[in-house]
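This report concerns only the one structure given below.
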Amino acid sequence: MLEIVEAHFQNYRLLRDTRVAFSTGRERPLTVIRAENESGKTTLLTALQWAFFGDDALPTLRGGQRYRLHPLDWDTSRQGRRVEIRAEVTFRFRSLTTTPTGGEQELENEYVLQRIAEEQLGDGNAFDRFTRQPTLLQRTQAGYTPIETNPAVLIDSMIPYSLKDVFFTDGDRALAFIEASQDAKRERVRNAIRSLLGLELVEAAQKHVAKALSDLRRANSAAQGGNDFDRLTSELNGLDDEIEAAEARKTAARSAQARLGEEIVVYNERLERALVKGDREALSQQLRRAQDDREAGEHAVASSIRDYAALFRDSALALNLLAPVISQAHALLQPLHAQGRIPSTFIPLLQERLRSGVCICGRSLADGTPEHRHVLDQLAGRQLEDEANDRLGQLFYRAETFIDTLSNPGDRWVAQLRMRSARVDDARRQRKRAEETIRETQLMLEQVPDVDIVELRRQIKDATEQLTKQAQEAVLAEAEFIGLAGKKKIVEREREQILKSQRKLSRQRANEQAARDLLAVLNGTINVLRGEKLNTVSDEMNRLFLDMIVADPDQNAIIRKAEITPDYDIIVTGSRDRRLDPDVDLNGASRRALTIAFILALTKVSETAAPNIIDTPLGMTAGQVKRSILEAAVRESTQLVLLLTRDEIHRTEDLLDKYTGSACTFSNTAHYPLQLVNAPPFDDQRVMVCPCNHRQYCATCERLHDATDGTLRQRTDTVR
Amino acid sequence: MTLKDYNPFTQLELRLPDAYRDEVTKYSRTFADTGSSSKAEDSPFERYVDLWMASICVAVAEGREVVVPTATKTWRFEYGSRLQGQTAWIDLLQLLAITHFQDPLVVADARKVIDLANVFAATGLPVVLQMLTDGHDRPLWNLSMRMMELILTVLPDPDDSYETEPPI
Amino acid sequence: MAVNVRHLTHLFREQAEVIDEAARIPSYRLELLRHLTAVIEFEQENRVRALPIQQRVTEECTRLGGKLEEGNWEG
């Protein structure tokens, strides 16, 4: 376990001559450094990282610019162009070693790490830097003596470089574990977990031991010189390669399955959202049908109106309007009919008598007789009158027919008018319905997201097919793996038999066996790290996270679980296992809480005891969540250093009273007079350190409004 | 000769007052596209003879005094041959003449019947034209409303529950 | 012991249980753990400064093999 005792920086940017003492020990593990923005918080963080890890740990700037170490306002005319930057960190390292008998022994050493760089300033912003090798002194009874081991090696064994962002956490940038692009996030989480769990080391060891085994087999084979043995050795090494390839294929297939599974989930969610709004294709078809209906409606309206208009040339109109005339005419014709004068029967009778040749009185009407000529004269004289009588007879009967027709209300013109107008109304309603459907459908179409549902469905289908293929591939690779492993056992046995039969090769056999045993332990360890340990980190992160946000009812209502997937994604799920998007569904406080929970879980599960130094951990948090994060961090850390602004401290004073073992305040001289009340005793830009804790202020750190802040009291005992 | 071939007015002239010639053209679809429904709403009468016959009937139904000043200029829009096949109309014109002249034998004088018809047409035409514009709707619907009202005065509905509002 | 190696040794110890000492030599597991720890330490050092790591690892394998032979392991 590493504990920082003290740090001293000179000429490191604003830290012209800054000394900070840190709290050690479990009772009050918290060190609070109160500092407002631009007061050196982040500078202290980078300074500590530089002290431990050197130039590689410095921030990278845009455009490839190098990170400047010397103070910005270095006066070359007074102080020269050469700036010496010094960092000195005193720390304790306590380790538990495992004895050969399986017991544990605690060793504690105190060290001082010194790192010095020189920057030679040129014109403008140009500078050259030379960083010396760090010096590591170990405290002994004789004082501090340099250690012989390469300091970098020793430091890395105590606090690995790959974990610098885990132990030295810039609160704003730490969110890179849960924000940023998917690949970037995954990579950071993966690196942090793998490094802290030691997976990188074990995998590297596995690779080297496997190679050693392969080399030993070949060496045995060369020594053995027998064909069978050669063949079996070669076959064995070949099988190892094939097994590795099969495993790699299986892993790749499983990875692809996981990725495709996620893709399908995302596509389905997108499809569901789009379908709720409406299926664009279905709506388009509906629109076309409605347009067809409208056209049919137009035709129906046109046709029904034409039918309607036809009533104005229908004889029924004249019939209805002239009804009184018809009755009167009928009345005039009636007597004629009654008298038998209409229709005329006289002419037909005469014609019939002429044909018969005998008159009704019995006289002959033969051709040439006077009677014949008389009848002809009668016929000629009354022709016209009889034509008229015939017509009158027709009119009489027609009038009766008309009167009959008019007596039936259903046949009347008005009834026909009503019927045909109802048809026009129906046709118009049909057209109107179609128009309304068109309008509604167009509105719905406008609201449907421009999501090609057909394309989405195709993507889902493709991904599902791919998933099936990958599942098959995984099964095949597994089967191949099993087959190869079985074959390997047989070949190994055969080879062992040959080895056994030759005593002189017992050493070679023993070497191979040793390598195999080492490999077996490494393989088993890797499986555990990749499986159980990852799950343990995930569970622990979830527990801490839910503890922290329990105080936020809104977030607590929607968040069910946080976990780390086998692909190293940190995901948060809500009800019904719906995946939440941290950028959208989590507020700032929850995102910070999740990041801190991840870091704390990782350090705990990996049994790594190192300081957690967090710059602005409580930014964007408020109320109870802020307190929950603070308490969780204190509880789970072995040494916790928080760099807090007054805003972050607000409403956590009682917790800080309880846990703080060491405190100080940073103030930037440049903040006078706008924020600092008193003029600093320095004429350069620097961080001033005073021993004020979160409830105090003094002549050095007093800011505007401190005097009226009821939570603060003035210290008068500090030296400026 | 069958009834449907009977047309004593073939050579005779069907006439309407010249003063209304433009309107007669406007409200008839004789030279227009008879297939268009919007034309039908603006020009309810398919042919001039339809308007002529309607004018006669409206004049009779309204009981208008049939007096047409001799100075009234008229225009022959058709010959009586146009009435070929319009059996009912021919019957009704003759019945009208019988009633007007109180003489059944007037049917023998086709010219007299048509002259009477032309006079009634001249009397009724302004009324029909008025019906076409009387209202806020298009001519077909205005005409329907007025025509229905007129017919119901001539032939009241036996069932009072019938609506008297125009259909549209 | 390195900061993140302690928990590894616990895991190694658990995994080493699968090796049947009766089929090896007495105290073989302890020897195995010792050499395995050495391998891990070499790997750690190799991250910071280049070592002939493969050679070192192979040597640990052969040293452990030597223990087997010295213990008259029959195989």
Quick check on the range C:18-33. Is at least one of its residues exposed (fewer than 15 other Cβ atoms within 10 Å of the Cβ), closer than 20 Å to A:I526 by Cβ and without any contact (Cβ under 8 Å) to a residue 40 or more places away in the chain?
yes
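Which one of A:R412, A:R382 is free of Cβ contacts under 8 Å to residues at least 40 places away in the same chain and either more than 10 Å from every other protein chain (Cβ to nearest Cβ) or more than 60 Å from the chain's Cα centre (by Cα) (or both)?
A:R382
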Which residue out of A:L349, A:L321, A:L283, A:L287 is among the hydrophobic types (A, V, I, L, M, F, W, C) and facing another protein chain (nearest Cβ under 9 Å)?
A:L321
What is the residue count in the range C:55-75 for residues that are without any contact (Cβ under 8 Å) to a residue 12 or more places away in the chain and within 14 Å of the chain's Cα centre (by Cα)?
5
Of all the residues that make up the range A:385-409, how many are under 24 Å from A:A309 (Cβ atoms), facing another protein chain (nearest Cβ under 9 Å) and touching a residue at least 60 places away in the same chain (Cβ under 8 Å)?
2
If a residue must be touching a Leu at 6+ places or on another chain (Cβ under 9 Å) and either within 14 Å of another protein chain (Cβ to nearest Cβ) or surrounded by fewer than 11 Cβ atoms within 10 Å (Cβ to Cβ) (or both), how many such residues does the range A:129-149 contain?
4
Considering only the range A:222-231, I want to know if a residue exists there that is exposed (fewer than 15 other Cβ atoms within 10 Å of the Cβ) and within 14 Å of chain C (Cβ to nearest Cβ).
yes
Out of all the residues in the range A:528-536, is one or more free of Cβ contacts under 8 Å to residues at least 60 places away in the same chain, more than 11 Å from chain C (Cβ to nearest Cβ) and farther than 17 Å from C:V5 by Cα?
yes
Taking helices (runs of 4 or more DSSP H) that fall entirely within the range B:41-144, which contain at least 2 residues that are closer than 22 Å to A:G393 by Cα?
B:87-101, B:110-133
So, of the residues in the range A:583-634 that are part of a loop (DSSP other than H, G, I, E, B) and within 14 Å of chain C (Cβ to nearest Cβ), which turns out to be nearest to A:K533 (Cα to Cα)?
A:S606
The condition of being touching a residue at least 12 places away in the same chain (Cβ under 8 Å) and among the hydrophobic types (A, V, I, L, M, F, W, C) holds, among A:A338, A:A302, A:A310, A:A323, only for A:A323
Could you give every pair whose Cβ atoms fall below 8 Å, whose first residue belongs to the range A:464-482 and is over 21 Å from A:V265 (Cβ atoms), and whose second residue is β-branched (V, I, T) and part of a helix (DSSP H, G or I), counting only separations of at least 6 or pairs across chains?
A:F481/A:I243
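Residues checked against (1) β-branched (V, I, T); (2) more than 22 Å from A:A610 (Cβ to Cβ):
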| position | (1), (2) |
| --- | --- |
| C:E17 | no, yes |
| C:D20 | no, yes |
| C:Y28 | no, yes |
| C:I40 | yes, no |
| C:E43 | no, no |
| C:V57 | yes, yes |
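Filter the range A:662-694 down to the residues that are hydroxyl-bearing (S, T, Y) and touching a His at 6+ places or on another chain (Cβ under 9 Å) and list them by number.
Listed by number, the list holds a single entry, A:T665.
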Would you point out which residue out of A:G574, A:G588 is surrounded by fewer than 22 Cβ atoms within 10 Å (Cβ to Cβ) and closer than 26 Å to A:F168 by Cβ?
A:G588
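Tell me, which helices (runs of 4 or more DSSP H) wholly within the range A:137-242 include 2 or more residues that are modelled with pLDDT of 85 or more? Outline the logic, then answer.
On the way: elements: A:151-158, A:164-167, A:182-197, A:199-224.
Helices (runs of 4 or more DSSP H) meeting the threshold: A:199-224.
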Name the residues in the range A:21-44 that are aliphatic (A, V, I, L, M), surrounded by 21 or more Cβ atoms within 10 Å (Cβ to Cβ) and either closer than 30 Å to A:L674 by Cα or free of Cβ contacts under 8 Å to residues at least 12 places away in the same chain (or both), would you?
A:V32, A:I33, A:A35, A:L44
Contact list, first residue from the range A:199-220 and within 9 Å of chain C (Cβ to nearest Cβ), second anywhere and of a type in the set (F, W, Y) and part of a helix (DSSP H, G or I), beta-carbon distance below 6 Å, six or more apart or interchain, is none
Filter pass, A:R516 being more than 20 Å from the chain's Cα centre (by Cα) and outside the structural domain of A:V266 (by TED's automatic domain parsing)
yes
Would you tally the residues in the range A:548-564 being exposed (fewer than 15 other Cβ atoms within 10 Å of the Cβ), at pLDDT below 75 and assigned to a loop (DSSP other than H, G, I, E, B)?
0
Filtering helices (runs of 4 or more DSSP H) wholly in chain C for at least 1 residues that are touching a strand residue (DSSP E or B) at 6+ places or on another chain (Cβ under 8 Å), facing chain A (nearest Cβ under 7 Å) and polar (S, T, N, Q) gives C:6-16
Among the numbered criteria (1) free of Cβ contacts under 8 Å to residues at least 24 places away in the same chain; (2) surrounded by 17 or more Cβ atoms within 10 Å (Cβ to Cβ); (3) farther than 30 Å from A:E187 by Cα, which single criterion is violated by A:D156?
(3)
Filtered residues of the range A:593-605 (kept if under 12 Å from A:L163 (Cα atoms) and of a type in the set (S, T, Y)):
A:T603
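The values are calculated or read from the model by the stated rules, or taken from the named source; none is laboratory data. A quick note: this is a predicted structure, and the numbers were derived from the prediction, not measured. Note that we place each Cβ from the backbone using ideal geometry, even for glycine, and neighbour counts take in every protein chain shown.
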